[in-house]
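Worksheet: one structure, shown below.
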Amino acid sequence: METERMIEDTIPPQVTSLTCLDSGVRPAPSSAAYAAERDACLNFFSRWNETDQVEFVEQLLARMCHYQHGHINAYLKPMLQRDFISMLPKKGLDHVAENILSYLDASSLCAAELVCREWQRVISEGMLWKKLVERKVRTDSLWRGLAERRGWIQYLFKPKPGCQHPSHSFYRQLYPKIIQDIRSIEDNWRMGRHNLQRINCRSENSKGVYCLQYDDNKIVSGLRDNTIKIWDRKTLQCVKELQGHTGSVLCLQYDERAIISGSSDSTVRVWDVNTGEMLNTLIHHCEAVLHLRFCNGMMVTCSKDRSIAVWDMTSTTEILLRRVLVGHRAAVNVVDFDEKYIVSASGDRTIKVWNTSSCEFVRTLNGHKRGIACLQYRDRLVVSGSSDNTIRLWDIECGQCIRVLEGHEELVRCIRFDNKRIVSGAYDGKIKVWDLPAALDVRTPHQDLCLRTLVEHTGRVFRLQFDEFQIVSSSHDDTILVWDFLNYGGASPRDGAAGAAGAAAGALPRPRSPDAPLPRPRTPDHDRDLYD
């Protein structure tokens, strides 16, 4: 009978009784009567159909005690295990086994290699470690960035014509090296270990670097001398200067086509990102344009005139005003948006939320005790920095303040966050790195939230951006600093090429102590009145 054959085929030879399982020795029958009764029961059992057999076993198990159930469980466990890979036909179905094992994470894949030679063969011939690394690179920006910066991305995905990828052992050895690299980067962030590059932007008329954005090839900065300067990432030299604004360049953003900048001359200007040619000038605001954001054919600008302008962008030369949002009672210092909400912050101490599609007002977030200088919004989270020296985390849907971060000694001027950390810069000249998951957990003590304070700027920190490997910041001290957490070599911070030129002229300041007072600005700051 089928059931009987299955039982006979799967009973391990070393386990033949429900008792004395540890010794593996079969006990002698209690009596000849027991043996005869047992054989009779088995004879009856073999005559029944499968449904009756199952019903009989259920009745039998119901009459046993808990101790006996434990023996039954130990007896059945090896019988229920199946080596699904070894049971597949030897030829033609390896791809099925590879596909199943390709869903394993690294620790499970390590364990699978140790099961037997057949599993190890499938993992090796299927290049499953290579596929695991490729999956990480596709789905994780940290892995993607590391692959590009370390150069091992050339060994992933489809090889170039005429080239072959390394063997499985290469990827087996590569994976733990990547993990160690990632751990080193995280340790560098937590310990504040970095290599420092310095761009000296000082010129005859420069009195500060108000805004910036960067990629792997360039840094684009807006200066108080009315210019936009583009710097080469490798040489740290200025490769292009855009002139046209008649006031300080207070904000900018660029993509693959255009740079869009806002100025204290009340205009928004559009520039060709490759040639530097001015393509368009938008005149709407009647006072300084303090911040702007654009994405997916839409741009939002805000101004010292207390208004927010929403623009439709068909092209770089066709940008039309859609709606003007009013409601703030002081200068609107910063805006951010996605497909659901526009979020604005003002010197009137409030954050206002607007519907992106209809431009209708939704709610106000109240809590800061002085004017708000900066914010970032993503998903449900808003993080804001204020002239009250604090950072607040908000749930945009309910308007509740989740956490207040304290530590800066002066106005918090710039703030950015990702999934792991918040980075803030302030008028005390300090950049602070905060643990975002810990900040979102109300049980975490306040003293555990700030991971590191970075002190190199000798003036107010105006703007910063960061990614998994670096922070790029700008300051009233006329410098742009690149804090590199990837390539830390244990040496003291080094200056870049442009900074070295300034050092030769005796212009570069020395790093200051975290407790040292910040030197007073050389000139009054144009935005002193915006945040209160």
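The values are calculated or read from the model by the stated rules, or taken from the named source; none is laboratory data. Source: prediction; values computed, not measured. When we count neighbours, we look across all protein chains shown, and the Cβ atoms used for this are built from the backbone with ideal geometry, even at glycine. SASA here: full protein model, heavy atoms, side chains in, ligands and nucleic acids out. Shrake-Rupley method; radii C 1.70, N 1.55, O 1.52, S 1.80 Å.
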(message) Can you find a residue that is touching a strand residue (DSSP E or B) at 6+ places or on another chain (Cβ under 9 Å), open to solvent by less than 20 Å² (accessible area, probe 1.4 Å), of a type in the set (Val, Ile, Thr) and within 25 Å of Asn200 (Cβ to Cβ) anywhere in segment 457-466?
(response) yes
(message) I need a count of the residues in segment 88-135 that are open to solvent by less than 50 Å² (accessible area, probe 1.4 Å), touching a helix residue (DSSP H, G or I) at 6+ places or on another chain (Cβ under 8 Å) and not in a loop (DSSP other than H, G, I, E, B).
(response) 17
(message) So for segment 427-434 (the condition being surrounded by fewer than 21 Cβ atoms within 10 Å (Cβ to Cβ) and in contact with a Gly (Cβ under 7 Å, 6 or more places away or on another chain)), does at least one residue qualify?
(response) no
(request) Pairs only if they're at least six apart or on different chains, beta carbon under 8 angstrom, first in segment 242-267 and basic (Lys, Arg), second open to solvent by 10 Å² or more (accessible area, probe 1.4 Å) and part of a strand (DSSP E or B); list them, first residue then second. (result) Arg257/Asp272
(request) Looking for whichever is farther than 28 Å from Leu292 by Cβ and either at pLDDT 95 or above or not hydrophobic (A, V, I, L, M, F, W, C) (or both) here; the options are Asp525, Asp441, Asp478. Which one fits? (result) Asp441
(message) Yes or no: segment 202-223 includes at least one residue that is open to solvent by less than 50 Å² (accessible area, probe 1.4 Å), under 25 Å from Arg421 (Cα atoms) and acidic (Asp, Glu).
(response) yes
(message) For a quick check of your reading: which strands (runs of 3 or more DSSP E) sit entirely within segment 195-285 and have at least 2 residues that are among the aromatic types (Phe, Trp, Tyr) and at pLDDT 95 or above?
(response) 209-214
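Residues checked against (1) open to solvent by 40 Å² or more (accessible area, probe 1.4 Å); (2) of a type in the set (Val, Ile, Thr); (3) over 28 Å from the mean Cα position of the chain (by Cα):
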| site | (1), (2), (3) |
| --- | --- |
| Asn296 | yes, no, no |
| Lys340 | yes, no, no |
| Cys359 | no, no, yes |
| Lys369 | yes, no, yes |
(request) Could you tell me which numbered condition Arg323 fails, if it satisfies all but one of (1) farther than 18 Å from Val433 by Cβ; (2) part of a strand (DSSP E or B); (3) open to solvent by less than 50 Å² (accessible area, probe 1.4 Å)? (result) (3)
(request) Return only the number of the condition from (1) assigned to a strand (DSSP E or B); (2) in contact (Cβ under 8 Å) with a residue 40 or more places away in the chain; (3) open to solvent by 10 Å² or more (accessible area, probe 1.4 Å); (4) not aliphatic (A, V, I, L, M) that Trp311 does not satisfy. (result) (2)
(request) For segment 136-149, enumerate the residues that are assigned to a helix (DSSP H, G or I), surrounded by 13 or more Cβ atoms within 10 Å (Cβ to Cβ) and not aliphatic (A, V, I, L, M). (result) Lys136, Trp143, Arg144, Gly145, Glu148, Arg149
(message) Return the residues of segment 170-201 that are small (Gly, Ala, Ser) and open to solvent by less than 20 Å² (accessible area, probe 1.4 Å); say none if nothing qualifies.
(response) Gly192
